[in-house]
1. When you go through (1) out of contact with any Pro (no Cβ under 8 Å at 6 or more places or on another chain); (2) within 19 Å of B:Ser202 (Cα to Cα); (3) not acidic (Asp, Glu) one by one for A:Ser28, which number turns out not to apply?
2. Regarding B:Val15, is this residue within 16 Å of DNA strand C (Cβ to nearest atom) and part of a loop (DSSP other than H, G, I, E, B)?
3. So which residues in segment A:90-112 are of a type outside the set (Gly, Ala, Ser), in contact with a strand residue (DSSP E or B) (Cβ under 7 Å, 6 or more places away or on another chain) and buried (at least 19 other Cβ atoms within 10 Å of the Cβ)?
4. Among the residues of segment A:103-123, count how many are free of Cβ contacts under 8 Å to residues at least 40 places away in the same chain and either more than 17 Å from B:Ile210 (Cβ to Cβ) or more than 7 Å from chain B (Cβ to nearest Cβ) (or both).
5. Report, by residue number, each residue of segment A:67-80 that is modelled with pLDDT of 95 or more and either closer than 22 Å to B:Asn212 by Cβ or of a type in the set (A, V, I, L, M) (or both).
6. Of the residues A:Ser54, A:Ser42, A:Ser48, which single one is out of contact with any Asp or Glu (no Cβ under 8 Å at 6 or more places or on another chain), open to solvent by less than 70 Å² (accessible area, probe 1.4 Å), more than 16 Å from A:Leu118 (Cβ to Cβ) and more than 8 Å from DNA strand C (Cβ to nearest atom)?
7. Quick one: B:Lys31 ticks every box in (1) buried (at least 18 other Cβ atoms within 10 Å of the Cβ); (2) touching a Ser or Thr at 6+ places or on another chain (Cβ under 9 Å); (3) charged (D, E, K, R) bar one, so which box is it?
8. Which one of these does B:Val121 not meet: (1) part of a loop (DSSP other than H, G, I, E, B); (2) assigned by TED's automatic domain parsing to the domain that holds B:Ile159; (3) more than 16 Å from ligand 1 (Cβ to nearest atom)?
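The values are calculated or read from the model by the stated rules, or taken from the named source; none is laboratory data. The shown structure was predicted, so the numbers you read here are calculated from the model rather than taken from an experiment. Counting neighbours? That spans all protein chains shown, and the Cβs are built from the backbone with ideal geometry, glycine included. Ligands, DNA and RNA are excluded from the accessible area calculation, which covers all protein heavy atoms including side chains. Shrake-Rupley method; radii C 1.70, N 1.55, O 1.52, S 1.80 Å.
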There are 2 protein chains.
Amino acid sequence: MKVRNNISNSGQVQVPTPTLRRLPGYLSYFKALKIGGVEQVSSGQIASVFKMDSTLVTKDLSYTGVKGRTKVGYNVEQLIETIVRFLDFNTRENAFLFGVGNLGRALINYQGLQHYGLNIVAGFDTDPGVINTQIRGVKIHALDDFRDLSIKTPARIGIITTPDGSAQEVADLAVAWGIKAIWNFTPQSIKVPENIIVENTSIYSDLAVILNKLNH
Amino acid sequence: MKVRNNISNSGQVQVPTPTLRRLPGYLSYFKALKIGGVEQVSSGQIASVFKMDSTLVTKDLSYTGVKGRTKVGYNVEQLIETIVRFLDFNTRENAFLFGVGNLGRALINYQGLQHYGLNIVAGFDTDPGVINTQIRGVKIHALDDFRDLSIKTPARIGIITTPDGSAQEVADLAVAWGIKAIWNFTPQSIKVPENIIVENTSIYSDLAVILNKLNH
DNA sequence: AATAAGATGTGAAATATATAACAACATAAT
DNA sequence: ATTATGTTGTTATATATTTCACATCTTATT
Ligand SMILES: NC(=O)c1ccc[n+]([C@@H]2O[C@H](COP(=O)([O-])OP(=O)(O)OC[C@H]3O[C@@H](n4cnc5c(N)ncnc54)[C@H](O)[C@@H]3O)[C@@H](O)[C@H]2O)c1
Ligand SMILES: NC(=O)c1ccc[n+]([C@@H]2O[C@H](COP(=O)([O-])OP(=O)(O)OC[C@H]3O[C@@H](n4cnc5c(N)ncnc54)[C@H](O)[C@@H]3O)[C@@H](O)[C@H]2O)c1
């Protein structure tokens with residue numbers, strides 16, 4: 001009896017995941033405000049931009065420890081600094097990227113990531129036509145080169161953008177090399193040891209939500 | 001007083017959003033099972049793959065109307081058909097894509113979307129070097145060409161993959177052309193009329209979750 | 001100076017989501 | 001046939017998240 005898996009919620013999460021997921025959106029808005037020369041912003045303004053309740057905004061912001069002033073609002077500069085620090089977007093976290101195809105290439109080219117704490121230090125691919133090329137200073141390697149690289153520039157994050165079918169084998173490899181967190185862009189679900197972090201980015205989930213809203 | 005916005009949750013949502021977001025993941029797994037020749041699968045198996053509670057799996061699946069058989073499990077073929085129909089992944093929904101750069105090009109090249117209900121019928125860009133080229137049969141147009149196109153192949157979905165700064169102006173344009181839903185890949189939050197659907201796909205949210213798990 | 005008004009911040013209530021408990025049932029083994 | 005076992009599906013409970021209510025504070029106005 002009682003066959004059902006009971007995944008214990010080990011790590012006691014202090015900040016709600018929904019909050020964590022909303023914070024980068026606020027941050028991007030605050031950066032735009034700063035560029036526009038705006039120095040103060042109220043929770044009501046923020047709420048109207050994101051179409052949500054303003055108390056939720058204040059709750060979200062309170063987790064980061066930022067303090068607003070009554071009648072004045074929050075200081076934009078301070079918001080940016082606090083959130084960036086809170087989300088660890090100020091640390092340069094090294095990452096390896098596996099599968100330098102359409103999406104992988106786009107991610108390496110994407111300079112935005114560097115301003116959000118992620119530093120792709122190397123790409124890996126099986127295609128001889130891609131190996132030993134460079135994209136924005138990031139060198140693409142054969143899978144065998146890992147040993148040298150993980151010594152020179154160790155990375156804790158592995159980004160998987162290979163074809164669906166290769167996701168599991170690449171994940172196994174990455175884990176064997178000491179990768180601690182896998183960012184999986186394939187729709188394939190992958191199995192990893194207990195202590196390895198996996199985050200799946202599935203655009204199909206977003207698509208499902210869009211189609212549902214459109215049709216119902 | 002009572003300045004706080006109270007966004008009424010109009011459309012009475014029958015299926016929880018978390019469920020909606022999990023279903024494509026299941027679907028992808030079931031498709032892999034089918035390829036592997038597996039005909040039946042139990043909620044326990046599914047749960048262990050996705051590291052979740054099996055009752056949640058059955059709850060999620062029950063929303064789609066699919067029926068499992070005691071002691072046997074669910075029929076894989078039937079699961080696929082039911083979920084595809086439930087998520088409207090069987091309908092070909094036309095979409096315009098704005099901003100044929102790194103990410104936009106990847107999305108057009110990505111054939112996966114076609115199997116998930118989305119049909120990108122045209123791209124738009126401002127770069128003369130890109131205009132009038134073709135990617136996988138999808139023609140890239142100047143922004144002015146919209147009138148002809150929206151008559152020939154009307155689209156309800158607009159995908160925005162322009163630089164951050166152009167997101168709002170492109171959104172305004174798209175709405176003016178009759179786009180009903182905007183799929184925004186920029187981190188920029190955009191303002192649209194009440195009746196327009198906006199779905200933001202932010203990889204920064206995923207990144208925030210990863211960094212949080214890694215560091216805390 | 002006193003008062004009014006607008007905004008934050010916090011604890012309580014409401015809602016949404018996930019987990020647990022259990023009944024019903026199909027299959028396999030005895 | 002009968003019993004044991006594994007699995008679905010539903011109802012109840014627990015947890016997580018959001019919304020509400022209100023006290024508190026800051027600035028502007030008279
Ligand atoms: N293209 C998109 O816009 C997009 C969007 C969302 C998700 N995805 C997913 O991302 C993944 C990649 O998509 P894509 O369009 O970039 O595919 P792609 O075919 O363009 O690129 C895949 C790359 O991986 C390489 N590769 C193959 N096997 C490998 C291995 N074992 N180790 C390392 N590299 C290997 C290939 O040589 C190729 O360069 C797919 O799973 C897809 O479902 C793509
Ligand atoms: N590259 C990625 O992997 C990635 C990942 C996540 C999010 N994003 C976001 O996607 C967006 C695009 O990123 P990218 O790397 O593809 O940028 P990019 O610069 O490679 O592409 C942008 C394209 O948009 C075109 N464009 C500019 N103004 C336009 C306008 N007004 N109308 C139509 N087209 C216009 C440009 O000519 C260019 O072709 C950015 O907001 C970025 O933050 C990118």
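1. (1)
2. Criteria met by B:Val15.
3. Answer for segment A:90-112, where residues must be of a type outside the set (Gly, Ala, Ser), in contact with a strand residue (DSSP E or B) (Cβ under 7 Å, 6 or more places away or on another chain) and buried (at least 19 other Cβ atoms within 10 Å of the Cβ): A:Glu93, A:Phe96, A:Leu97, A:Phe98, A:Val100, A:Arg105, A:Leu107, A:Ile108.
4. Counting residues in segment A:103-123 that are free of Cβ contacts under 8 Å to residues at least 40 places away in the same chain and either more than 17 Å from B:Ile210 (Cβ to Cβ) or more than 7 Å from chain B (Cβ to nearest Cβ) (or both) gives 14.
5. Within segment A:67-80, A:Tyr74, A:Val76, A:Gln78, A:Leu79, A:Ile80 meet the criteria.
6. A:Ser48
7. The failed condition is (2).
8. Condition not satisfied by B:Val121: (1).
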